[in-house]
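The values are calculated or read from the model by the stated rules, or taken from the named source; none is laboratory data. Model, not experiment: these values are computed from the prediction. Heads up, the Cβs are rebuilt from the backbone with ideal geometry, glycines too, and the neighbour counts pull from every protein chain shown. Side chains are part of the model used for accessible areas, which takes the heavy atoms of the whole protein and leaves out ligands, DNA and RNA. Shrake-Rupley method; radii C 1.70, N 1.55, O 1.52, S 1.80 Å.
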Amino acid sequence: MRVVKKFGGSSLRDTASVRAVAAHVARAHEAGHGVVVVVSAMGKTTDELMALAHQVSPHPDRRELDMLLTAGERISMALLAMAVRDLGVPATSLTGSQCGIITNDRPGAARIVEVRPYRVEDALDAGHVVIVAGFQGVSYRREVTTLGRGGSDTTAVALAAAIGAEVCEIYSDVDGVYTADPRVILGAKRLSALSHDEMLELARAGAKVLAEDAVAWARLNNVALFVRAADGRPGETLVRVDPPEAHTGVVGVAARPDAWLWRYPAALRSLALARLGSAGVAPLVDTTMPAGDALLLIARDVADAVDGAFATLCADLSELLSPEAMLAQGTLVSVVGTGVGRDPSLAGRFDAALSQIAPFAPRISQGLMRSALVEPGSATHAVGALHAALITEAPA
Ligand code: ADP
Ligand code: ASP
Ligand code: MG
């Protein structure tokens with residue numbers, strides 16, 4: 001059986017945790033599996049490299065920033081390969097480029113367009129554990145690219161699809177996907193299973209336990225994902241096409257910071273959307289209204305690895321659409337689930353939960369998501385109130 005295992009920065013804090021991951025990997029190899037391990041940069045390395053770049057240059061060149069950031073994952077892959085070899089297991093480390101992860105050429109938030117996993121296949125056939133630097137690829141122009149924050153998840157899913165792995169396991173500091181961020185909401189419950197569609201909306205809503213692009217890739221290629229804790233705690237969440245127990249109501253609550261809402265003359269819509277397109281930001285809401293107005297909601301891309309790019313886009317939009325066009329700015333707090341839009345009582349219960357905290361915050365409803373754009377300072381409070389009202393105390 002072929003398996004892809006991804007270990008995030010929180011599971012690779014120091015050399016002791018690298019050795020612990022090596023022991024886990026060696027056990028999987030000894031059980032007879034073909035093992036591919038995708039690693040992120042250790043601990044907060046990516047943030048530290050980003051800070052270092054900003055010490056040298058206030059607006060670091062995006063190409064050079066990608067060069068710098070990919071070094072973080074290289075360190076992890078080489079150290080892990082050394083530790084695995086010391087356990088008597090043959091291991092080879094490969095960069096994203098060596099693995100044939102081909103991307104478009106958008107620095108900082110490149111999209112994978114194709115995977116040519118020949119070297120991974122060869123190393124697996126030779127009986128090696130393959131250790132891959134996540135979060136990176138190479139463009140058709142042979143430029144090294146990064147996949148946006150959290151992008152190692154995407155590397156893992158794309159490789160799992162490309163080599164036909166039966167299992168893709170994402171290991172981090174939580175033992176699964178919860179109904180809300182368990183570090184913030186104490187009553188959050190682990191979900192045993194959820195569908196790709198539900199997880200995609202939860203990731204879009206801001207639950208960073210899985211990167212949005214990774215879930216989109218998994219859905220497209222029908223890859224089942226297991227989310228588990230790296231420290232071996234029991235418990236997991238399975239994300240797949242048709243989970244055994246379907247949810248009919250709300251699966252989770254999440255928050256996405258830095259969202260901006262504009263109302264502006266619809267005549268400027270193509271110009272505004274063109275600006276978004278060149279900045280690589282997809283709108284969360286883009287609607288026109290009968291009076292000739294248009295509404296636009298965007299949020300800082302969680303994939304926006306380049307500090308300041310989103311702020312520049314917002315300044316640009318304010319100039320294009322007029323500063324008065326900006327209606328609200330804050331944290332987008334959302335409930336997600338197949339019940340949203342189907343359960344007639346949900347909109348009322350959503351409003352009631354926010355009646356004290358954010359009575360006048362703009363409400364937005366689309367697809368599997370119902371949201372309010374609240375002041376950043378009340379976001380945690382709002383998530384807690386929605387979680388209590390729509391999940392903990394929800395009628396069965
Ligand atoms: P890694 O470094 O392993 O990639 P991340 O920090 O990207 O890990 O993702 C794990 C974190 O996601 C958890 O520590 C948790 O705080 C956060 N998180 C946010 N929403 C959720 C959720 N709904 N379920 C589980 N974890 C969540
Ligand atoms: N190291 C990168 C980041 O911090 C990629 C990842 O962790 O998946 O965003
Ligand atoms: Mg992550």
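One table, with the values for the structure above:
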| read-out | value |
| --- | --- |
| Sole residue being open to solvent by less than 50 Å² (accessible area, probe 1.4 Å) and either within 21 Å of residue 138 (Cβ to Cβ) or among the aromatic types (Phe, Trp, Tyr) (or both), chosen from 77, 67 | 77 |
| Counted residues, region 347-365 - those being open to solvent by 10 Å² or more (accessible area, probe 1.4 Å) and not in a loop (DSSP other than H, G, I, E, B) | 9 |
| Residue match in region 76-95 (condition: of a type outside the set (Gly, Ala, Ser) and within 16 Å of ligand 3 (Cβ to nearest atom)) | no |
| Conditions (1) assigned to a strand (DSSP E or B); (2) among the small types (Gly, Ala, Ser); (3) at pLDDT below 90; number of the one not met by residue 334 | (3) |
| Inter-residue pairs, beta-carbon under 7 Å, first free of Cβ contacts under 8 Å to residues at least 24 places away in the same chain and in region 152-172, second within 13 Å of ligand 1 (Cβ to nearest atom), 6+ apart | none |
| Among the residues listed as 62, 27, 2, 13, the single one being basic (Lys, Arg), within 16 Å of ligand 3 (Cβ to nearest atom) and either surrounded by fewer than 19 Cβ atoms within 10 Å (Cβ to Cβ) or over 14 Å from residue 136 (Cβ atoms) (or both) | 13 |
| Given (1) of a type in the set (Asp, Glu); (2) closer than 11 Å to residue 262 by Cβ; (3) modelled with pLDDT under 85, index of the condition residue 293 fails | (3) |
| Any hit, region 379-387, residues being open to solvent by 20 Å² or more (accessible area, probe 1.4 Å), modelled with pLDDT of 95 or more and among the β-branched types (Val, Ile, Thr) | yes |
| Tally of residues being buried (at least 21 other Cβ atoms within 10 Å of the Cβ) and touching a residue at least 60 places away in the same chain (Cβ under 8 Å) across region 285-298 | 1 |
| Residue pairs meeting the criteria (Cβ under 9 Å; at least 6 apart or on separate chains; first of a type in the set (Ser, Thr, Tyr), in region 193-220; second open to solvent by 40 Å² or more (accessible area, probe 1.4 Å) and within 13 Å of ligand 3 (Cβ to nearest atom)) | none |
| Which listed residue is hydrophobic (A, V, I, L, M, F, W, C), at pLDDT 95 or above and more than 16 Å from ligand 2 (Cβ to nearest atom), from 246, 255 | 255 |
| Exclusive hit being within 16 Å of ligand 2 (Cβ to nearest atom) and out of contact with any His (no Cβ under 7 Å at 6 or more places or on another chain), set 218, 230 | 230 |
| Residues of region 42-59 that turn out to be touching a residue at least 60 places away in the same chain (Cβ under 8 Å) and open to solvent by less than 40 Å² (accessible area, probe 1.4 Å), as a count | 2 |
| For residue 157: the one exception among (1) open to solvent by 30 Å² or more (accessible area, probe 1.4 Å); (2) assigned to a helix (DSSP H, G or I); (3) within 15 Å of ligand 2 (Cβ to nearest atom) | (1) |
| Residues located in region 115-154, provided they are among the acidic types (Asp, Glu) and within 14 Å of ligand 2 (Cβ to nearest atom) | 153 |
| Cβ-Cβ under 9 Å pairs, at least 6 apart or on other chains, region 113-126 side farther than 15 Å from residue 95 by Cα, far side in a loop (DSSP other than H, G, I, E, B) and open to solvent by 80 Å² or more (accessible area, probe 1.4 Å) | 113/140 |
| Yes/no for residue 141 being surrounded by fewer than 24 Cβ atoms within 10 Å (Cβ to Cβ), touching a residue at least 40 places away in the same chain (Cβ under 8 Å) and more than 24 Å from residue 22 (Cβ to Cβ) | no |
| Strands (runs of 3 or more DSSP E) (entirely within region 160-246) containing at least 1 residues that are at negative phi, open to solvent by 10 Å² or more (accessible area, probe 1.4 Å) and within 16 Å of ligand 3 (Cβ to nearest atom) | 167-172, 225-229 |
| In region 30-41, residue farthest from ligand 3 (Cβ to nearest atom) [restricted to those that are surrounded by 22 or more Cβ atoms within 10 Å (Cβ to Cβ) and not hydroxyl-bearing (Ser, Thr, Tyr)] | 34 |
| Single condition residue 344 does not satisfy, out of (1) touching a residue at least 60 places away in the same chain (Cβ under 8 Å); (2) open to solvent by 40 Å² or more (accessible area, probe 1.4 Å); (3) of a type outside the set (Val, Ile, Thr) | (1) |
| Members of region 123-159 that are within 12 Å of ligand 3 (Cβ to nearest atom) and among the basic types (Lys, Arg) | 149 |
